[in-house]
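**Student:** Please find one structure pasted underneath; my questions will follow.
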Amino acid sequence: MLLVKIGGGSGINLDGIVSELAGLTRPFVVLHGANGLRDEWAAATGVRLEVVESVSGMSSVVSDEAAVDLLMATYAGVRNKRVVEAFRRRGVNAVGLSGLDGGVVTGRRNRGIRVRKNGRKMRVRDHSGKATSVNVSLLRLLLEEGYTPVLTVPIAGEEGEALNSENDDILALLAAELKATEVFSFLEAPGLLADARDESSVVASLAPDALEAWEEKVRGRMRRKVKALGRMFALSRGRPLRVVLADGRISHPVAAAMEGRGTVIESSSGGADVRETDARDRAGRAPSEAPASCASELDVYGKRGPVLVEGRGVRVRDREGREYLDFIAGHGALVLGHGHPALLAAQQRQGGTLAVCPNSFATPLRARYMDALAQTVPDPLGKVFLSNSGAEAVEAALKFAVLLTGRSTFVAATGAFHGRTLGALSLTADARFREPFQPLLAGVRRVPFNDIFALCEAVDDTVAGVILEPVQGEVGVYPADAAYLEAAREVCMEHGALLIMDEVQTGFGRTGRLFAFEHAGIVPDMVCLAKGIAGGFPMGATVVRRDAHIPRGLHGSTFGGNPLACATALAVLEELERGGWIARVEEKGARFTERLSAANLSRIRAIRRRGLMVGIELRTRAAPMLPALQERGLLALAGGRRTLRLLPPLVVGDADLDQAAEILRDCLA
Ligand code: PLP
């Protein structure tokens, strides 16, 4: 369990921290401050914050009633909700709480700050208190249901009253009660400084035993922090614990903290494997010990290098702890990124209800999903067959086309990719994939892509179907012209052939519309879907016209339409709608390519894009660029020989897009 404290100073890179945390797969709890905002609001509203110096030399704000109101408005109000908002924008289902809510943190009211006034010692009593216990059951409940708690002050006093309290003391209790193995505390400093005025004097590492001595060496707020850290380690009673006091102002604060930049305080049994305790394999090995290559694997793919062990949002992490922006995103399948809480929750719910149900029995969830999918496509489309992959969706379309027309000739385009099963492979253009498997389906006519004349020549009354991708992805992101698709629609109609749109890569918002055929204003007779349909969970679908009739028993699938996949796919549709993600795809894609174009890189020959389906055509081969991009933290694909292909999750944030553009600019410069 990771516990993160985000300091409240105005220099903290809150957005950076949130977007990096959103990329983690392991659960975490956030505790944050807001002193910068509180001070701004105090100045703006005229609330006077009285600061006193205690006899021990620490300065404190007196928490009178006005100060506590201001605390609630800024910490538990604006800042807390802004942090929640920032997480939710990145697909993390955050829940904002103050210590007061549900009594998550309770404490004892202070007897008063001992101050010296006019030469006399006296106590100033206010509404501040010391945190004494944490109600972890509520936090656990939230974590188990896939929520991320975001906590701040005030805490609840013994009489239920709101009390201001030191966040560092709360952090110590939280770490102990949640049995945290790692704590990142983001400060407006590069770590614990040996000399408070010299930022280069960072103490790189510290044994917990040394904290007491450091309490004497440091002053002000840092003294409180060090004292609270001592308490944290005392409460952890020798449990493995690694605390990093890290710079919260820099561009990648979380990555830096993970690397141990800042001050690392570690109990002797803590350390690198602490982070991996949750991810051991069946042999009990941590990811870094497990072998990278697998002798049992039939090696038809080849491997690209990093051994990936975690993914969250737009980022994945390898077993060495390096993070990558995942612009491959499961070949475009992860429209909502890795580990989206809504999908996980749907899977958990359905998994515990009914995970498997043969298609010879009805089940309400599957019916609900098919109705929902049918409603996303225009008339006359509206009957759904569910399968498990893109190739299967295409395979079903071919069989249905044969059954519906009584013909067996197909027309496909040059550059097309429709999958690798024998039927789909017959339509795929690349001879390298097809030749070893000849003879494939007889009667496939190949026409040049985007050539209206050639298409019209090829379609006659013997053709069962014309299959086209609205944007050819594998060959390097080439959109079909709207006029080409219109002509395809017309010529199919004229000859009684079926127009099949392969939306396996373009579907579910990738191009800025739910389906890419919408850009051309046409309606095909069949649509093949997969990849984004269930946000990365294996699923395929073939949607046909409502009036289509396929005799029973001629096609089927054991796993097609299994309730787990349907629950996930339903959650994808709901989340795409709820988050308004598709509406922002075009703007995000444009931002990304504008940043790239602005660099005027001579190695780039052309940029082709539809929404967040991006092809960067180079003057040189694309594949050799992939390791360099990977090295700099960006996972990308090649499309054809010369094109870099990027398919980021639709939930990608501006900062991640800018970072990816910067990496590309660096590599291509
Ligand atoms: N059709 C298109 C347009 C594709 O891009 C792909 C896969 O990349 C497929 C079909 C095959 O899908 P799958 O790999 O799920 O079988």
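The values are calculated or read from the model by the stated rules, or taken from the named source; none is laboratory data. Keep in mind that what you see is a predicted model, and the values were worked out from it rather than measured. We place every Cβ from the backbone using ideal geometry, glycine too, and count neighbours over all the protein chains shown.
**Student:** Would you mind stating whether Gly339 is within 16 Å of the ligand (Cβ to nearest atom) and within 17 Å of the chain's Cα centre (by Cα)?
**Tutor:** In short, no.
**Student:** Scan Asn359, Asn388 and give me the residue that is among the polar types (S, T, N, Q), buried (at least 19 other Cβ atoms within 10 Å of the Cβ), at pLDDT 95 or above and in contact with a Gly (Cβ under 9 Å, 6 or more places away or on another chain).
**Tutor:** None of the other options fit; the residue is Asn388.
**Student:** Report yes if Ala431 is of a type in the set (A, V, I, L, M, F, W, C), surrounded by fewer than 16 Cβ atoms within 10 Å (Cβ to Cβ) and more than 16 Å from the ligand (Cβ to nearest atom), otherwise no.
**Tutor:** Judged against the criteria, Ala431 is a match.
**Student:** Quickly run through segment 477-494 and pick out the residues that are within 36 Å of the chain's Cα centre (by Cα) and among the small types (Gly, Ala, Ser).
**Tutor:** Within segment 477-494, Ala480, Ala482 meet the criteria.
**Student:** Continuing with the same structure: Of everything in segment 27-59, what is in contact (Cβ under 8 Å) with a residue 40 or more places away in the chain, of a type in the set (A, V, I, L, M, F, W, C) and surrounded by fewer than 17 Cβ atoms within 10 Å (Cβ to Cβ)? Give them in sequence order.
**Tutor:** Residues satisfying the conditions are Val52, Val55, Met58.
**Student:** Another question, if that's okay. State which residue pairs qualify: first residue over 16 Å from Gly561 (Cα atoms) and outside any loop (DSSP other than H, G, I, E, B) and inside segment 523-549, second residue polar (S, T, N, Q) and within 14 Å of the ligand (Cβ to nearest atom) in any location, beta carbons under 8 Å apart, and separation of 6 or more residues or different chains.
**Tutor:** Met526/Thr542; Val527/Thr542
**Student:** Further, regarding this structure: Please list, ordered by residue number, the helices (runs of 4 or more DSSP H) wholly in segment 553-661 having 1 or more residues that are more than 30 Å from Val307 (Cα to Cα) and either among the small types (Gly, Ala, Ser) or in contact with a strand residue (DSSP E or B) (Cβ under 6 Å, 6 or more places away or on another chain) (or both).
**Tutor:** Qualifying helices (runs of 4 or more DSSP H): 563-579, 585-597.
**Student:** Mind checking which pairs have a first residue in segment 358-379 that is under 12 Å from Arg546 (Cβ atoms) and a second that is small (Gly, Ala, Ser) and modelled with pLDDT of 95 or more, Cβ under 7 Å, 6 or more apart or different chains?
**Tutor:** Ala374/Gly382
**Student:** Within the bounds of segment 119-130, is there any residue that is of a type in the set (Lys, Arg), at pLDDT 90 or above and not in a loop (DSSP other than H, G, I, E, B)?
**Tutor:** Checking segment 119-130: at least one residue is of a type in the set (Lys, Arg), at pLDDT 90 or above and not in a loop (DSSP other than H, G, I, E, B).
**Student:** When the residues of segment 502-513 are narrowed to those that are closer than 18 Å to Tyr478 by Cβ and more than 10 Å from the ligand (Cβ to nearest atom), which ends up surrounded by the most Cβ atoms within 10 Å (Cβ to Cβ)?
**Tutor:** Per the stated criteria, the residue is Arg510.
**Student:** Further question on the same structure: Residues of segment 364-407 being touching a helix residue (DSSP H, G or I) at 6+ places or on another chain (Cβ under 6 Å) and more than 16 Å from the ligand (Cβ to nearest atom), which ones?
**Tutor:** Those that are touching a helix residue (DSSP H, G or I) at 6+ places or on another chain (Cβ under 6 Å) and more than 16 Å from the ligand (Cβ to nearest atom): Leu365, Arg366, Tyr369, Ala372, Gly382, Val384.
**Student:** Ok, one more. Say whether the condition of being in contact with a Ser or Thr (Cβ under 9 Å, 6 or more places away or on another chain), closer than 21 Å to His252 by Cβ and in contact (Cβ under 8 Å) with a residue 60 or more places away in the chain is met by at least one residue in segment 205-222.
**Tutor:** Within segment 205-222 (the criterion being in contact with a Ser or Thr (Cβ under 9 Å, 6 or more places away or on another chain), closer than 21 Å to His252 by Cβ and in contact (Cβ under 8 Å) with a residue 60 or more places away in the chain), the answer is yes, since at least one residue qualifies.
**Student:** Quick test for you: out of Ala541, Ala530, Ala548, Ala516, pick the one residue that is farther than 28 Å from Leu334 by Cβ, among the small types (Gly, Ala, Ser) and either in contact with a strand residue (DSSP E or B) (Cβ under 6 Å, 6 or more places away or on another chain) or within 11 Å of the ligand (Cβ to nearest atom) (or both).
**Tutor:** Ala548 is the lone residue from the list that is farther than 28 Å from Leu334 by Cβ, among the small types (Gly, Ala, Ser) and either in contact with a strand residue (DSSP E or B) (Cβ under 6 Å, 6 or more places away or on another chain) or within 11 Å of the ligand (Cβ to nearest atom) (or both).
**Student:** Checking the condition closer than 30 Å to Leu336 by Cα and charged (D, E, K, R), which residue from Arg109, Arg140 passes?
**Tutor:** Of Arg109, Arg140, the one residue that is closer than 30 Å to Leu336 by Cα and charged (D, E, K, R) is Arg140.
**Student:** Within segment 465-472, can one find any residue that is away from the ligand (no atom under 12 Å from the Cβ) and surrounded by fewer than 23 Cβ atoms within 10 Å (Cβ to Cβ)?
**Tutor:** no
**Student:** Across segment 141-151, which residue is modelled with the lowest pLDDT among those that are surrounded by 15 or more Cβ atoms within 10 Å (Cβ to Cβ) and at negative phi?
**Tutor:** So the residue we want is Leu143.
**Student:** Here is a list of conditions, (1) over 30 Å from Glu323 (Cβ atoms); (2) part of a strand (DSSP E or B), and Leu3 meets all of them except one; can you say which number that is?
**Tutor:** Here Leu3 meets the rest and fails (1).
**Student:** Further question: Among the residues of segment 408-425, what is the count of those that are of a type outside the set (Val, Ile, Thr), more than 10 Å from the ligand (Cβ to nearest atom) and buried (at least 24 other Cβ atoms within 10 Å of the Cβ)?
**Tutor:** 3
**Student:** Can you tell me which residue in segment 247-257 is surrounded by the most Cβ atoms within 10 Å (Cβ to Cβ), limited to those that are more than 14 Å from Ser205 (Cα to Cα) and aliphatic (A, V, I, L, M)?
**Tutor:** Among those residues, the one meeting the criterion is Val254.
**Student:** Does Ser63 meet the test of being surrounded by fewer than 20 Cβ atoms within 10 Å (Cβ to Cβ), small (Gly, Ala, Ser) and closer than 18 Å to Asn110 by Cβ?
**Tutor:** Judged against the criteria, Ser63 is not a match.
**Student:** Which residue pairs have Cβ atoms under 9 Å apart, sit 6 or more places apart or on different chains, and have a first residue in segment 416-444 that is outside any strand (DSSP E or B) and a second that is within 12 Å of the ligand (Cβ to nearest atom) and among the hydroxyl-bearing types (Ser, Thr, Tyr)?
**Tutor:** Matching pairs, first to second residue: Ala416/Thr428; Phe417/Thr428; His418/Thr428; Gly419/Ser389; Gly419/Thr428; Arg420/Thr428; Thr421/Ser389; Arg434/Thr428.
**Student:** Let me confirm something: among Leu386, Leu403, Leu373, which residue is of a type in the set (A, V, I, L, M, F, W, C) and in contact with a Pro (Cβ under 8 Å, 6 or more places away or on another chain)?
**Tutor:** Being of a type in the set (A, V, I, L, M, F, W, C) and in contact with a Pro (Cβ under 8 Å, 6 or more places away or on another chain) holds for just one of Leu386, Leu403, Leu373, which is Leu403.
**Student:** Another question about this same structure. Quick check on my filter: what residues within segment 163-191 are in a loop (DSSP other than H, G, I, E, B) and either of a type outside the set (Val, Ile, Thr) or over 29 Å from the mean Cα position of the chain (by Cα) (or both)?
**Tutor:** Of everything in segment 163-191, those that are in a loop (DSSP other than H, G, I, E, B) and either of a type outside the set (Val, Ile, Thr) or over 29 Å from the mean Cα position of the chain (by Cα) (or both) turn out to be Ser165, Glu166, Leu178, Lys179, Ala180, Glu188, Ala189, Pro190, Gly191.
**Student:** Here's something else I'd like to know. Suppose we keep only residues that are of a type in the set (S, T, N, Q) and surrounded by fewer than 23 Cβ atoms within 10 Å (Cβ to Cβ) within segment 1-26. Which one would you say is nearest to the chain's Cα centre (by Cα)?
**Tutor:** Going through the qualifying residues, I end up with Thr25.
**Student:** Another question, if that's okay. Consider Ala497 carefully, then state whether it is in contact (Cβ under 8 Å) with a residue 60 or more places away in the chain and away from the ligand (no atom under 16 Å from the Cβ).
**Tutor:** yes
**Student:** Also: Only one of (1) out of contact with any Gly (no Cβ under 8 Å at 6 or more places or on another chain); (2) of a type in the set (A, V, I, L, M, F, W, C); (3) buried (at least 19 other Cβ atoms within 10 Å of the Cβ) is not met by Leu601, so which one is it?
**Tutor:** Leu601 satisfies every listed condition except (3).
**Student:** Give me the helices (runs of 4 or more DSSP H) completely within segment 30-107, filtered to those with at least 2 residues that are acidic (Asp, Glu) and farther than 30 Å from Leu325 by Cα, ordered by residue number.
**Tutor:** 35-45, 65-71
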